[in-house]
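Asks: Structure in structure tokens, see below.
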Amino acid sequence: MQMALASCSKEPVYKPDPADAPSQSPLVSVLYDAGALGDMTYNDLLYEGVERAAFNAGVRTNQYSPRNKEEGLKYLAGLFNQMSNPADTTRHLLIIAGSSYDEFVRANNRRLEANPRAELLYFETGNPLEGKGSSIHICSYGVMYMAGVISSGQVLIVAANPYDVAEPIAGFQAGFGGTLFTEYLSDHSGSGFAISDEDALHIMYKYDWEPYRSRSIVPLCGGAGAVFRRMAEGDDRFYYVGVDKIIRSAACYYTAVKHTDRAAEYCIQQWLSEEGLPKHQTLGLAEGYTELVFCPVLDYLLEEFAKLYPEEQRDALRQEAIEKEEQYEGR
């Protein structure tokens, strides 16, 4: 399904291609946090998964990435007005892809009960919705625990804020045994996902790094992570841990993969099935929706990792991480 970016419009909205599915077919709308698309991690993976699922199922999509929260809330209010109208005959799934709309969603989701053809999916939260709407949480505690175990030397975690990424931070901290610094880009949920090059450089060099020991960055900050990755690639003293999506780079040896795209496809398949979406579901390491992947650019380094962490050892670490994740979630 080809999607055209309306670059000449004042509204940064991804509009369906004219050759898309018929206008009467089901519609999947996705609303992202402000400026979220282009982060090369969670949001981009979600976009890709929605498009693949829609193409395979023959449904329409409308993916919206607003310039600011106010613009997103205005768009969201319009969607709720449309979807809560019983006269609306479109079978509609609205995916909320960002935490910045949490207050609005929880205050308005019951309005959708008037229209049986309208469904809401909060992607992702560990706090299920009261009233109408489903939710999904992809737990990253276990895979970040694995990343922490195999990391060494000095590590700087750059987190968007203390709330939205508390889980992966806790997982990495539980597994890591070296020198650890933690930097928060914002004090507020739904923010801290953008940063200037100048501010990123200031953060990278303000810590008391010990010479002759490895320096790694764990970017848990959405689109801002691209800035830190670029800065690390320009300084051979730094490496970074890949987050969510594998990025081939000489500065990255392994990635804590989060298969958000697969989860999006799975949820859309559930929505279209007779059973429909469950009220809440959690997917993680045990279910195969996260994994630790060695991804060095050079083949000889991949061979070295295979020797350093043979398959039996990796399997044992994975099982340990699954148990840690289950304990963390209280399963």
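Asks: Can you confirm whether region 62-85 contains a residue that is outside any helix (DSSP H, G or I) and of a type in the set (A, V, I, L, M)? Break it down stepwise before answering.
Replies: At the first step, the residues of region 62-85 found to be outside any helix (DSSP H, G or I) are 62-68, 84-85.
From what's left, of a type in the set (A, V, I, L, M): none.
No - not one qualifying residue is present in region 62-85.
Asks: Conditions: (1) modelled with pLDDT of 85 or more; (2) surrounded by fewer than 19 Cβ atoms within 10 Å (Cβ to Cβ); (3) among the basic types (Lys, Arg). Residue 60 meets all but one. Number of the miss?
Replies: Among (1) modelled with pLDDT of 85 or more; (2) surrounded by fewer than 19 Cβ atoms within 10 Å (Cβ to Cβ); (3) among the basic types (Lys, Arg), residue 60 violates only (2).
Asks: Do you know which residues across region 145-169 are crowded, with 16+ Cβ neighbours inside 10 Å, among the small types (Gly, Ala, Ser) and farther than 17 Å from residue 200 by Cβ? Please lay out each step first, then the result.
Replies: If we filter region 145-169 for residues that are crowded, with 16+ Cβ neighbours inside 10 Å, which is where we start, we get 145-151, 154-161, 163-165, 167-169.
The next check asks that each one be among the small types (Gly, Ala, Ser); those that pass are 147-148, 151, 159-160.
147, 148, 151 - these are the residues of region 145-169 that are crowded, with 16+ Cβ neighbours inside 10 Å, among the small types (Gly, Ala, Ser) and farther than 17 Å from residue 200 by Cβ.
Asks: Which residue out of 155, 149 is under 21 Å from residue 308 (Cα atoms) and not in a helix (DSSP H, G or I)?
Replies: On inspection, the qualifying residue turns out to be 155.
Asks: List every residue pair whose Cβ atoms sit under 6 Å apart, with the two residues 6 or more apart in sequence or on different chains, where the first one lies in region 96-122 and is surrounded by 23 or more Cβ atoms within 10 Å (Cβ to Cβ) and the second, anywhere, is charged (D, E, K, R).
Replies: Qualifying pairs under 6 Å: 98/33; 100/33; 100/69.
Asks: Listed residues 267, 252, 221; which is within 30 Å of residue 65 (Cα to Cα), surrounded by 20 or more Cβ atoms within 10 Å (Cβ to Cβ) and either small (Gly, Ala, Ser) or without any contact (Cβ under 8 Å) to a residue 60 or more places away in the chain (or both)?
Replies: Every option except 252 fails the conditions.
Asks: Please go through (1) modelled with pLDDT under 95; (2) surrounded by fewer than 20 Cβ atoms within 10 Å (Cβ to Cβ) for residue 282 and return the number of the only condition it doesn't satisfy.
Replies: Residue 282 satisfies all of (1) modelled with pLDDT under 95; (2) surrounded by fewer than 20 Cβ atoms within 10 Å (Cβ to Cβ) except (1).
Asks: Inside region 36-57, can you point out the residues that are under 20 Å from residue 137 (Cα atoms) and either touching a His at 6+ places or on another chain (Cβ under 9 Å) or at pLDDT below 95 (or both)?
Replies: Within region 36-57, 36, 37, 39, 40, 41, 42, 43, 44, 45, 49 qualify.
Asks: Sticking with this structure for a sec: Could you tell me how many of the residues in region 219-265 are under 17 Å from the mean Cα position of the chain (by Cα) and not hydrophobic (A, V, I, L, M, F, W, C)?
Replies: The qualifying residues number 15.
Asks: Oh, and also: Residue 19 - would you say it is assigned to a loop (DSSP other than H, G, I, E, B), touching a helix residue (DSSP H, G or I) at 6+ places or on another chain (Cβ under 6 Å) and either farther than 26 Å from residue 131 by Cα or at pLDDT below 95 (or both)?
Replies: Criteria not met by residue 19.
Asks: Further, regarding this structure: Sort through 225, 177, 192 and tell me the only one that's in a helix (DSSP H, G or I) and out of contact with any Asp or Glu (no Cβ under 6 Å at 6 or more places or on another chain).
Replies: Checking each option against the conditions leaves just 225.
Asks: Looking only at residues in region 127-144 that are part of a loop (DSSP other than H, G, I, E, B) and within 17 Å of the chain's Cα centre (by Cα), which one is surrounded by the most Cβ atoms within 10 Å (Cβ to Cβ)?
Replies: Filtering region 127-144 for residues that are part of a loop (DSSP other than H, G, I, E, B) and within 17 Å of the chain's Cα centre (by Cα), the one surrounded by the most Cβ atoms within 10 Å (Cβ to Cβ) comes out as 140.
Asks: Now, a different point. Return a yes/no flag: does region 291-314 have any residue that is assigned to a loop (DSSP other than H, G, I, E, B), within 17 Å of the chain's Cα centre (by Cα) and within 20 Å of residue 142 (Cβ to Cβ).
Replies: no
Asks: Could you tell me whether region 121-129 includes any residue that is more than 26 Å from residue 194 (Cβ to Cβ), in the same structural domain as residue 36 (by TED's automatic domain parsing) and of a type outside the set (A, V, I, L, M, F, W, C)?
Replies: Kept after step one, since they are more than 26 Å from residue 194 (Cβ to Cβ), are these residues of region 121-129: 128-129.
Retained after the next criterion (residues that are in the same structural domain as residue 36 (by TED's automatic domain parsing)): 128-129.
Going one step further and asking which of them are of a type outside the set (A, V, I, L, M, F, W, C), we end up with 128.
So far as region 121-129 goes, yes, one or more of its residues are more than 26 Å from residue 194 (Cβ to Cβ), in the same structural domain as residue 36 (by TED's automatic domain parsing) and of a type outside the set (A, V, I, L, M, F, W, C).
The values are calculated or read from the model by the stated rules, or taken from the named source; none is laboratory data. Being a predicted model, the structure only gives us computed values, none of them experimental. Because the Cβ atoms are built from the backbone with ideal geometry, glycine has one as well, and the counts that use them run over all protein chains shown.
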